[in-house]
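Here the structure is laid out as structure tokens; the discussion comes afterwards.
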Amino acid sequence: MKPADLSGARDDAHLVQLWLAQRPESTRRVYAPVADDFLKALGCSIREASAAQVITWAEGLEGEPATRARKVATIKSLLGWAHRVGYTVFNVGRALRCVPVPSKIHERILEKPEVAALVEAAKPGRDRAFLRLMYVSGARISELCKLRWVDIRQPGRMTVLGKGRKVRTIVVPQKVLDEVLALRGPGVELSAPVFCSMKRPGRGLGVRDAREIVYRARKRAEMDRKASPHWLRHSHATHALDGGCPIHKLQASLGHSSLAVTGRYLHVRPSEGSSDYLDV
């Protein structure tokens, strides 16, 4: 018996809109172009798509493994959702295999002197406070962009809105929070964003502009590595473990869904190895 179509979608394009509707804006910006390119390459309705067609699409993808993996995961999600709401009879996305992505975290860790140089190279004020807070908190760039003054009222703590709209509180050195609190002007409401755009006064800092803070500091520090904002999060995790931080505490700070995700950092710079037991 054919399952009832409960999607309410008029066509493939409308289905994609419904699939993206309740996702964060940052996710929609990434997923929408992938879905659009997939529909164009398919050449037919999703309802008529075969496993062979989606496999052919996946095999024709170009770019780095991480890019291809993201695109395949995106379409698997779309096709799986289409099946769950009854838009399609079969989930042909199950025929797609996830693209293996070699971990490059070890290449994206700044040593402590590099972090210090990056922060000090940033423009004093907003930019420097933003970078220092990003490193010591391990927060995602999007989380800091959404930070409000009410979120840093507790002494030594910062509350952020993370992935899946999950709220978590992070312990932060008070001296770092004091540096951030010094940015607040007289009469600024607690609901106002902490880090504001220079181009749009009163408006929160956008993710793209926040990335530029890192890139400008990197250039001023004359770094020969293409450090990005997420490198500071990787560095925070690695340095915390180096300092003896229990992995469950790191998981809570970073907002990871499981210890398995946080556990990636344990393999980046192990403190012990089998060579310790060799007589050389």
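Rule-based calculations on the coordinates, nothing more; no lab input. Because the structure is a prediction, the values reported are computed rather than measured. Note: ideal-geometry Cβ built from the backbone for every residue, glycine included; neighbour counts use all protein chains shown.
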For this session: Quick one: order C98, C145, C245 by neighbouring beta-carbon count within 10 Å, fewest to most.
Result: C98, C245, C145
Exercise. Between I55 and R84, what FRET efficiency follows from the Cβ-Cβ distance if R0 is 25 Å, with the result rounded to 0.05?
Worked result: 0.75
Problem set entry | Ranking of E179, E64, E59 by count of other Cβ atoms within 10 Å, fewest first | E59, E64, E179
Problem set entry | Size of charge dipole - the chain - debye, nearest 20, with Cβ of Lys, Arg +1 and Asp, Glu -1, no other charges | 880 debye
Problem set entry | Extended-chain gain in nm, criterion 0.36 nm per residue less alpha-carbon gap, V188 and R29 | 54.1 nm
Exercise. Using a ≥ b ≥ c from the Cα gyration tensor of the stretch 105-267 (square roots of the eigenvalues), is it rounded, prolate or oblate, where a/c under 1.5 gives rounded and otherwise the larger of a/b and b/c decides, a/b for prolate?
Worked result: oblate
Problem set entry | the chain - mean residue ellipticity at 222 nm from DSSP helices (-39,500 (n - 2.57) per run, n ≥ 4, rounded to 500) | -14000 deg cm²/dmol
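Mind scanning K104/K226; K40/K71; K123/K199; K199/K219; K123/K146; K123/K219 and naming the pairs with a C-alpha gap bigger than 18 Å?
Result: K199/K219; K123/K146 exceed 18 Å.
Take each complete run of DSSP H in the chain, measure how far its Cα atoms stretch along the helix's own axis, and keep only those covering 15 Å or more with mean Kyte-Doolittle hydropathy at least -1.0; list them.
Working: long enough: 25-42 (25 Å, -0.20); 65-84 (28 Å, -0.31); 126-137 (16 Å, -0.07); 207-220 (20 Å, -1.30); 229-242 (20 Å, -0.97).
Helix filter hits for the chain: 25-42, 65-84, 126-137, 229-242.
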